[in-house]
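Accompanying notes for the structure given below.
The values are calculated or read from the model by the stated rules, or taken from the named source; none is laboratory data. The shown structure was predicted, so the numbers you read here are calculated from the model rather than taken from an experiment. Quick reminder, even Gly has a Cβ in these numbers, built from the backbone with ideal geometry, and neighbours come from all protein chains shown. Note: areas computed on protein heavy atoms with side chains; ligands, DNA, RNA excluded. Shrake-Rupley method; radii C 1.70, N 1.55, O 1.52, S 1.80 Å.
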Amino acid sequence: MLQIIKSYLNFLWNSKNQHGVHSPFVYNLVTKCFYDKKKYPEYSILKNYRNSLLENKNTIEVTDFGAGSRVFKSNTRAINQIAKNAGISPKRAELLYRIVNYFQPNTILEIGTSLGLATSALSLGNKNSKIITLEGCPNTMSIAKNKCQLQNLNNIEFVNTKFEDYLSNYQLKTEHYQLIYFDGNHSKKATLEYFELLIPTITNDSVWIFDDIHWSSDMEEAWEIIKNHPKVTVTIDTFQWGIVFFRIEQEKEHFVIRA
């Protein structure tokens, strides 16, 4: 907790709004997407999806896999508690929707489905996109799949798998994911492993979003390594997320933005 408080105070000290941004690409993203105040009708769908989970007091067995290991642990948890404590917040779900709506990626990869709160935002942002979402726990994935089907979100392929198995064995070079949302394993080792495995898929228009970059000192170290990677040009730290671009026409620059 002390680590997060210290990181957040540092973020507030260094962060800017659109007035401190001189890159046209980032300025447009901040003003037209991050600070877009329009009340999209899709927000109601996201709210209803969340409420249906928060009202569900049934319990399920949740399986958590360790990074790079066959060792896993399972425990019984209430669905509403998972949604409350582990799911994306309402504000972040709306921002994720706006980011997808802004960039209109045709192909999306989500690493970590959980109960599908973020998945629904990705789907609603561009209903014509093809989404592949990966989840290690079959029970949470089953709930997410059912909820998304009830909302007629039919552009999603749900894959029950260990993340590193999928990313290591799938022919990723033939799949150019235009947007990737990393929310599956908040450890330095796993984050950097997924990053390196997915580098062959990047294009000039790729958008990568890493969740919880200030969750721990290890995650902050991973974020620094990602920022300094030679193929990375623009990065944006919103505190909760680290957003990465690979646009060769952009100068290498890092932004700390209140979003």
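Each principal axis of the Cα atoms in the range 120-165 has its own extent, and those three values, largest first, are 27, 20, 13 angstrom. For the range 41-143, the average shadow cast by the Cα convex hull is 6.8 nm², which is a quarter of the hull's surface.
For the range 95-196, the alpha carbon convex hull comes to 93 Å³ per residue, rounded to a whole number. Each Cα pair under 8 Å and six or more residues apart adds its sequence gap; the mean of these over the residue count of the chain is a relative contact order of 17 percent. Could you do me a favour and compute the accessible area per residue for the range 100-193, 1.4 Å probe, result in Å²? Here the per-residue accessible area is 39 Å². Hey, quick one: spin label on N160, modelled 7 Å out along Cα-Cβ, who in the range 94-134 has an amide N within reach, i.e. under 17 Å? The answer is 112-116, 133-134. Ranked by solvent-accessible area (1.4 Å probe, protein heavy atoms only, all chains present), the residues Y177, Y170 order from largest to smallest as Y170, Y177.
Could you tell me which of the pairs K189/K227; K84/K147; K47/K145; K162/K188; K47/K162; K39/K91 are separated by over 19 angstrom between their Cα atoms in the structure shown? Could you put the intermediate results ahead of the total?
Numbers: K189/K227 16 Å; K84/K147 16 Å; K47/K145 17 Å; K162/K188 17 Å; K47/K162 29 Å; K39/K91 12 Å.
Over 19 Å apart, Cα to Cα: K47/K162.
Using a Gaussian network model of the chain in which every pair of alpha carbons under 10 angstrom is joined by a spring, one finds that among T191, T59, T107 the greatest mean-square fluctuation is at T59.
The label-point distance for S52 and N75, in a model that sets each label 7 Å from Cα toward Cβ, rounds to 2.8 nm. Phi-derived couplings, Karplus 6.51 cos²θ - 1.76 cosθ + 1.60 at θ = phi - 60°, listed residue by residue for the range 77-90: 9, 6, 4, 5, 6, 4, 5, 6, 9, 10, x, 5, 6, x Hz, with x used for Gly and Pro.
Pairs of Cα atoms in the range 143-259 fall into 5 Å distance bins, from 0 up to the last occupied one, in shares of 2, 10, 19, 21, 20, 14, 9, 3, 1 percent.
Counting only protein heavy atoms and using a 1.4 Å probe, what share of the accessible area of the range 96-209 belongs to carbon plus sulfur, as a whole percent?
Numbers: 1860 of 4240 Å².
Answer for the range 96-209 is 44 percent, counting heavy atoms of protein chains only.
Of all DSSP beta bridges in the chain, what percent run antiparallel (nearest 5)?
On the way: 15 of 38 bridges.
Within the chain, antiparallel bridges account for around 40 percent of the total.
For the range 156-209, the extents of the C-alpha atoms along the principal axes are 27, 23, 20 Å, listed from largest to smallest. With kT/(6 pi eta Rh) evaluated at 10 °C and eta = 1.306 mPa s, and Rh the Kirkwood radius from Cα pairs, the chain diffuses with a coefficient of 85 µm²/s according to Stokes-Einstein.
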